[in-house]
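Here's the structure we're looking at; comments come further down.
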Amino acid sequence: MVTDRGRIQNVSQPQLSETVASLLRDRIMSGQLRPGERIRLEEVAQETGLSITPVREALLMLRAEDMVELQPRRGHVVAPLSRQDIIDVFSLQGHIAGELAARVATGITPDQLDDLRQQHERLRRAAQARQVSRVEQLEYEFHRRINRLADARKLSWLLRTVTRYTPSRFYAADPEWRAGMIADHEALLDALEARDPEAVRPVMARHFTDGAERLVKHLDGLGVWNE
C-alpha cells in the first residue's frame, strides 16, 4: 500500500517497481508533477522508503509509456502532456468500458445484478461518509466486477492498461465527482437490469467524459500544459 505521505508499506518485492510507477503516474496525471519537471531517484527512494533499484525500474516503465523522458545532464523529467492527451485517454477508456458493460447487459443474471447493487450501496455509503480511500477502492472493485462478467480477457486487459492513467485519488476526493459517479452507477445498473446494451454505452461514455472534463479543468487551473 501507499500512505498519504507516499511511503510504501506492506508490498512484496515483485510489486515495488509497479507501485512506485503507479504513484508517479498518478502525480503526473493529476498535475502534482508537471511537464518538464525533474524526477530525482534519490528523493523518490527516500520518500517511499525504498532503495534506488525499484525507483529506477519504475522510471524505466514510465519511459516506455512516454510518461517521462531521460534528458542529458538533467536525468528523468516528466514528458509533455496536452489537453488532447487527456481527452484521448478517457475517450478510449469510455469506449472499451462501454463495450464490456454492453456485453454484460445481454446476459446478466439476477444474482449478478444483486451483487453489483450491493457493491454500489457500499460505495454510496462510503461516498456519503467522505471516505476517500474507501471510495477509491470500491469504485475500482465495482468496475472490475462488471469487466469480469463480460468474459472478455483481452478487452479487459486493454482497459486495465489504459485506466492506469486515471488519477483515482484526485477523483475520489472531489465531492462533485462522487455525486456524479453515484448517479452514473445507478443509471448503469438500471440499464443492466433492463438488459439494454444500447443504453449502457452512453452511460459509460458520460462517466469517462465527465472525468476528462474535470481533469482538464483542474490542470487548466494549475497551468501545467506544455503546449
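Kindly check whether there is at least one residue in the range 126-134 that is of a type in the set (G, A, S), touching a helix residue (DSSP H, G or I) at 6+ places or on another chain (Cβ under 9 Å) and under 19 Å from R201 (Cα atoms). No, every residue in the range 126-134 fails to be of a type in the set (G, A, S), touching a helix residue (DSSP H, G or I) at 6+ places or on another chain (Cβ under 9 Å) and under 19 Å from R201 (Cα atoms).
If the condition is being of a type outside the set (D, E, K, R) and open to solvent by 80 Å² or more (accessible area, probe 1.4 Å), then the range 88-129 contributes L92, H95, T106, P110, Q118, Q128.
Quick check on the range 175-185. Is at least one of its residues within 30 Å of V77 (Cβ to Cβ) and either in contact with a Lys or Arg (Cβ under 6 Å, 6 or more places away or on another chain) or open to solvent by less than 70 Å² (accessible area, probe 1.4 Å) (or both)? Checked the range 175-185: at least one residue is within 30 Å of V77 (Cβ to Cβ) and either in contact with a Lys or Arg (Cβ under 6 Å, 6 or more places away or on another chain) or open to solvent by less than 70 Å² (accessible area, probe 1.4 Å) (or both). In this structure, is A187 closer than 26 Å to D114 by Cα and modelled with pLDDT under 95? Judged against the criteria, A187 is not a match. Within the bounds of the range 134-147, is there any residue that is of a type outside the set (F, W, Y), over 22 Å from L113 (Cβ atoms) and in contact (Cβ under 8 Å) with a residue 60 or more places away in the chain? There is no residue in the range 134-147 that is of a type outside the set (F, W, Y), over 22 Å from L113 (Cβ atoms) and in contact (Cβ under 8 Å) with a residue 60 or more places away in the chain. Taking the listed residues L62, L70, the one that is open to solvent by less than 20 Å² (accessible area, probe 1.4 Å), outside any loop (DSSP other than H, G, I, E, B) and modelled with pLDDT of 90 or more is L62, with no other qualifying.
The residue list Y171, Y140 contains one member that is open to solvent by less than 40 Å² (accessible area, probe 1.4 Å) and under 15 Å from D184 (Cα atoms), which is Y171.
The residue that is surrounded by the most Cβ atoms within 10 Å (Cβ to Cβ), among those in the range 19-37 that are within 14 Å of the chain's Cα centre (by Cα) and charged (D, E, K, R), is R25. With respect to the stated conditions, R164 fails to be open to solvent by 70 Å² or more (accessible area, probe 1.4 Å) and either of a type in the set (D, E) or over 20 Å from I86 (Cα atoms) (or both). For the range 189-212, the criterion of being part of a helix (DSSP H, G or I), closer than 30 Å to G36 by Cβ and of a type in the set (D, E) is satisfied by at least one residue. Within the range 180-208, the residues that satisfy the criterion of being within 15 Å of A101 (Cβ to Cβ), within 17 Å of the chain's Cα centre (by Cα) and not aliphatic (A, V, I, L, M) are D184, H185, R206, H207, F208. It is to be established whether one or more residues within the range 160-167 are without any contact (Cβ under 8 Å) to a residue 12 or more places away in the chain and within 16 Å of L113 (Cα to Cα). No, there is no match, as no residue in the range 160-167 is without any contact (Cβ under 8 Å) to a residue 12 or more places away in the chain and within 16 Å of L113 (Cα to Cα). For R169, the criteria (1) under 24 Å from V104 (Cα atoms); (2) in a helix (DSSP H, G or I) hold in every case but one, which is (1). Cβ-Cβ under 6 Å, sequence separation 6+ or interchain: first residue in the range 74-99 and under 17 Å from G211 (Cβ atoms), partner small (G, A, S) and open to solvent by less than 80 Å² (accessible area, probe 1.4 Å). Which pairs? Partner pairs satisfying both residue conditions: I86/A212; I87/A212; F90/G211; F90/A212; G94/A205; G98/A205.
The values are calculated or read from the model by the stated rules, or taken from the named source; none is laboratory data. Values in this document were obtained by computation on a predicted structure and should not be read as measured data. Neighbour counts are summed over all protein chains in view; Cβ atoms, including those assigned to glycine, are modelled from backbone coordinates with ideal geometry. Note: accessible area is taken over every heavy atom of the protein model, side chains too, but ligands, DNA and RNA are not part of it. Shrake-Rupley method; radii C 1.70, N 1.55, O 1.52, S 1.80 Å.
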